[in-house]
Amino acid sequence: MVEQDVAAIDVNMGCPKEFSIKGGMGAALLKMPDKIQEILTTLVQGVAIPVTCKIRILPELEETLELCRMIERCGVKAIAVHGRLKEERPQHKNHEDVIREVSRTLSIPVIANGGSDTIRCRQDVERFWKRCGAASALVARAAMWNMSIFREEGTLDLEEVMSQYVKLAIEYDNEYHNTKYCLQQMLHEQLETERGKKLQSAMCAEQIFALYGMDEHYREFQKEILRRSSRENEACTFTVIEGKDGPVISLPAKFIRQHYPHQTSPKVVLFDYCRDKRLPRPIYSTECHCTSKKFFATVDVDGQKYSSSLGEGRKHYAEQSAAIVCLTKLGVADGRHEKKSP
């Protein structure tokens with residue numbers, strides 16, 4: 001289904017999180033070699049793109065090596081090995097000696113993982129995978145702490161990285177919770193500072209950007225998004241697409257919370273409209289796009305379905321966007337602040 005949209009498929013058999021283990025996913029698969037073989041063989045035989053996988057080590061070295069040999073026989077193109085047991089966490093030692101033995105045993109590329117505590121720059125990444133005798137390295141936490149560790153010219157100061165990140169988050173209208181999470185990762189050793197505590201208590205995007213002196217830039221950019229959205233809505237024509245349950249009227253529309261009074265939203269306006277017209281209440285259905293992780297909603301009003309062609313980062317925002325499309329088609333004001341004359 002996604003084969004044409006990606007360069008490769010990686011099966012993560014190393015996630016130790018509780019939700020993965022309880023669901024029989026991630027590192028839970030390490031105790032199910034037959035299931036691993038079935039999954040990987042089916043993928044390798046069923047797709048034309050490379051298949052890789054990631055594992056954690058097992059309690060005994062020979063167990064780990066036997067698992068890796070079986071995975072290699074499945075036809076995967078590479079294997080990433082995190083040098084910790086399923087029960088171990090970052091504070092525990094990363095067993096580079098086990099990764100080194102796996103690298104010596106297999107003929108396919110081995111990707112070393114779990115060395116973030118030793119990585120602060122690009123040269124550290126290279127040193128890590130060479131210590132493990134691996135073909136390359138997979139880096140997660142260290143890259144979240146400072147994403148410039150991969151620069152050949154050297155790692156940038158964290159303040160500069162955060163400043164650039166915040167600017168991009170504003171200009172790409174990044175989802176607020178994701179922006180907050182990424183900045184918390186960057187401040188991982190400074191979360192108890194005054195700024196760290198303010199970041200953790202921030203309840204909206206503007207509060208976050210104010211900590212970096214960019215709240216005014218954020219407000220101006222949001223105004224530009226509104227102007228651009230208004231121009232696009234005026235220029236766009238409605239399209240009718242064939243949905244699973246009949247035709248859907250579509251328009252590119254985006255919901256921006258700041259553009260509406262506190263007690264008003266397109267969903268509220270649409271609900272009131274249906275009540276006043278003695279129509280059944282609107283019915284919403286929402287799907288999450290598996291690749292972009294964006295939500296797309298459809299609203300059914302009196303048997304006709306409406307949807308925005310623009311995805312949203314939150315489920316309820318997607319429903320608001322669908323309501324905007326419906327209200328626009330009906331010629332009803334959607335409740336946003338009235339534009340003031342210059």
- For the chain, what is the accessible area per residue in Å² when the probe is 1.4 Å? 57
- Task: Check each of the GluC sites (Glu not before Pro) in the stretch 238-341 and keep only those in coil by DSSP with at most 11 other C-beta atoms within 10 angstrom; list them in order.
- Result: Glu338
- Query: What FRET efficiency, computed as 1/(1 + (r/R0)^6) with R0 = 45 Å and r the Cβ-Cβ distance, is obtained for Cys274 and His177, rounded to the nearest 0.05?
  - Reply: 0.90
- Message: Quick check: with the 1.4 Å probe, what order do Ile55, Ile9 take by accessible area, largest first?
- Response: Ile9, Ile55
- Item | the chain, relative contact order [Cα under 8 Å, separation at least 6], % | 8
- Query: Roughly what would the spin-label model give for Lys93 and Arg151, points 7 Å off Cα along C-beta, in nm?
  - Reply: 3.5
- Note on the structure: With a 24 Å threshold on alpha-carbon distance, the violating pairs from Lys54/Lys86; Lys31/Lys54; Lys197/Lys254; Lys93/Lys130; Lys198/Lys254; Lys180/Lys223 are Lys197/Lys254; Lys198/Lys254
- Ignoring ligands and nucleic acids, Glu66 exposes an accessible area, probe 1.4 Å, in Å² to the nearest 10, of 80
- Query: Relative contact order (percent) for the stretch 110-195, with alpha-carbon contacts under 8 angstrom and 6 or more residues of separation?
  - Reply: 25
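Gain in length, Ser285 to Ala135, computed as 0.36 nm per residue apart minus the alpha-carbon separation, to one decimal in nm? Intermediate results must be reported in sequence, preceding the final value.
On the way: separation 150, 0.36 × 150 = 54.00 nm, distance 4.61 nm.
So the chain would gain 49.4 nm between Ser285 and Ala135.
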- Item | Area of Cys204 that stays accessible when all protein chains are in place (1.4 Å probe, Å², to 10) | 50
- So which trypsin sites (Lys or Arg not before Pro) in the stretch 146-194 end up in coil per DSSP with only 12 or fewer other C-beta atoms within 10 Å? Arg151
- the stretch 21-85: trypsin sites (Lys or Arg not before Pro) in DSSP coil with no more than 12 other Cβ atoms inside 10 Å: none
- Item | Solvent-accessible surface (1.4 angstrom probe) belonging to Asp5, in square angstrom, nearest 10 | 110
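Hey, what number do you get for the chain at 222 nm if only DSSP H runs of n ≥ 4 count, each worth -39500 (n - 2.57), divided across all residues, to the nearest 500? Present the calculation step by step, with values, prior to reporting the outcome.
Details: 13 runs with 144 residues, N = 342.
About -13000 deg cm²/dmol.
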- Item | Cut-off 16 Å, label 7 Å out along Cα→Cβ of Ile256, residues of the stretch 208-228 by amide N | 215-228
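The values are calculated or read from the model by the stated rules, or taken from the named source; none is laboratory data. Treat the numbers as computed from the prediction; the structure is a model and nothing was measured. Every residue, glycine among them, receives a Cβ derived from its backbone with ideal geometry; neighbour counts consider all protein chains shown. Surface areas here come from the heavy atoms of the whole protein model, side chains and all, with no ligands, DNA or RNA. Shrake-Rupley method; radii C 1.70, N 1.55, O 1.52, S 1.80 Å.
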